[in-house]
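S.K.: I am attaching a structure below and will ask some questions about it afterwards.
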Amino acid sequence: MTAIHSRGVARIRHVATGEIFDIPAEDLEWAEFASDQRQMGLEIGYSATIEHPALGLLTWELWEYPIGAENMKETDVNGHELLENISFGLQHLPDDEEPEAEPPLALRLAALPRQLDELDRLLVALRDRAPMIGHNRPPDEFRLDVDAAQIDAARESIADIRSELAKPDPTGTAVPETLERAKSRFRQFAEKIASWMKSGAILLGKGAVTGVGATIAKEVFTSNAALHDLLVTVADTLSSWIQVIGIS
């Protein structure tokens, strides 16, 4: 059984006024809107729409094909500027089980130090192997153009978050700007890796590469999938943290 998860907040700048609006993931209600029988089985399209009083019609779409596999995701913000998107995707559930609610922020913050340690380790490993990516001469589409400065900035934000966690009352006294900067860096990094993995998956599925397929599959689906998931997880926690600070 599959379901759509959506977390975090979308931030959208109005194209005419410049005003920035926040759309929380909780406002999205997903529904199936299309299905089609294809070569590998059924393709299903899911969408969530919001009629915003200032921004107009906003749409998020996700396609499942084949069944159980996430295919494409799209976001249409009606001509406005999407500064930050909601994190959404396909998740697998045991039969007859509802999606679990997010754990309380206190538990997520308790898990954050271990996640930051692992994230830092993965970033260091990525930085060390970046010059070697593509050394087997796969097509350009498979080469992750890693900017060392982006890796260093993400690691800098890890140190910043650790400092915020060390405060006597991190839930209520953390600096929102510090968390916002870290969240933005992690989300951008995750989107870059996701785009790279998606391109690789499409070409591999079409049989567009021969000889280097195993190497590419390892790079795309093993070396960086864990990094992508951890970046999203930490960014989601930071988003919830920022919301709590804003409420308090």
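S.K.: Given the conditions (1) modelled with pLDDT under 90; (2) surrounded by 14 or more Cβ atoms within 10 Å (Cβ to Cβ); (3) within 26 Å of ASP152 (Cα to Cα), which single one is not true for LEU116?
M.R.: (1)
S.K.: If a residue must be open to solvent by less than 30 Å² (accessible area, probe 1.4 Å) and closer than 19 Å to ILE20 by Cβ, how many such residues does segment 31-51 contain?
M.R.: Residues in segment 31-51 being open to solvent by less than 30 Å² (accessible area, probe 1.4 Å) and closer than 19 Å to ILE20 by Cβ: 1 in total.
S.K.: Regarding SER47, is this residue polar (S, T, N, Q) and more than 16 Å from the chain's Cα centre (by Cα)? Walk me through it before giving the result.
M.R.: Working: polar (S, T, N, Q): yes; more than 16 Å from the chain's Cα centre (by Cα): yes.
So SER47 passes the test.
S.K.: Identify all residues within segment 31-76 that are in contact with a Lys or Arg (Cβ under 9 Å, 6 or more places away or on another chain) and not in a strand (DSSP E or B); write none if there are none.
M.R.: Once the filter is applied, which keeps residues that are in contact with a Lys or Arg (Cβ under 9 Å, 6 or more places away or on another chain) and not in a strand (DSSP E or B), segment 31-76 yields TYR65, PRO66.
S.K.: State whether one or more residues within segment 55-67 are open to solvent by less than 40 Å² (accessible area, probe 1.4 Å), out of contact with any strand residue (DSSP E or B) (no Cβ under 9 Å at 6 or more places or on another chain) and over 30 Å from GLN39 (Cβ atoms).
M.R.: yes
S.K.: State whether the residues of segment 193-205 include one that is over 21 Å from VAL124 (Cβ atoms), open to solvent by 20 Å² or more (accessible area, probe 1.4 Å), part of a helix (DSSP H, G or I) and at pLDDT 85 or above.
M.R.: Scanning segment 193-205, I find no residue that is over 21 Å from VAL124 (Cβ atoms), open to solvent by 20 Å² or more (accessible area, probe 1.4 Å), part of a helix (DSSP H, G or I) and at pLDDT 85 or above, so the answer is no.
S.K.: Moving to a separate point now. ALA190 - would you say it is part of a helix (DSSP H, G or I) and modelled with pLDDT of 90 or more?
M.R.: Against the criterion (part of a helix (DSSP H, G or I) and modelled with pLDDT of 90 or more), ALA190 does not qualify.
S.K.: So, in segment 14-23, of the ones that are assigned to a strand (DSSP E or B) and in contact (Cβ under 8 Å) with a residue 24 or more places away in the chain, which residue ends up most open to solvent (accessible area, probe 1.4 Å)?
M.R.: Applying the filter and picking the extreme gives ILE20.
S.K.: Filter segment 1-36 down to residues that are among the β-branched types (Val, Ile, Thr) and under 20 Å from GLU180 (Cβ atoms), then give me how many there are.
M.R.: So the answer is 4.
S.K.: As an exercise: evaluate SER163 against (1) open to solvent by 50 Å² or more (accessible area, probe 1.4 Å); (2) at pLDDT below 90; (3) assigned to a helix (DSSP H, G or I) and give the number of the one condition it does not meet.
M.R.: If we test SER163 against (1) open to solvent by 50 Å² or more (accessible area, probe 1.4 Å); (2) at pLDDT below 90; (3) assigned to a helix (DSSP H, G or I), just (2) comes out false.
S.K.: Show the residue pairs meeting these rules: Cβ distance below 9 Å; 6+ apart or different chains; first residue within segment 152-169 and within 11 Å of PRO113 (Cα to Cα); second residue open to solvent by 80 Å² or more (accessible area, probe 1.4 Å).
M.R.: Close Cβ pairs (under 9 Å, with a partner that is open to solvent by 80 Å² or more (accessible area, probe 1.4 Å)) amount to ILE158/ASP117.
The values are calculated or read from the model by the stated rules, or taken from the named source; none is laboratory data. Here the structure is a predicted model, which means the values were calculated and not measured. Neighbour counts are summed over all protein chains in view; Cβ atoms, including those assigned to glycine, are modelled from backbone coordinates with ideal geometry. To get the accessible areas, we keep the full protein, side chains included, count just its heavy atoms, and leave off ligands, DNA and RNA. Shrake-Rupley method; radii C 1.70, N 1.55, O 1.52, S 1.80 Å.
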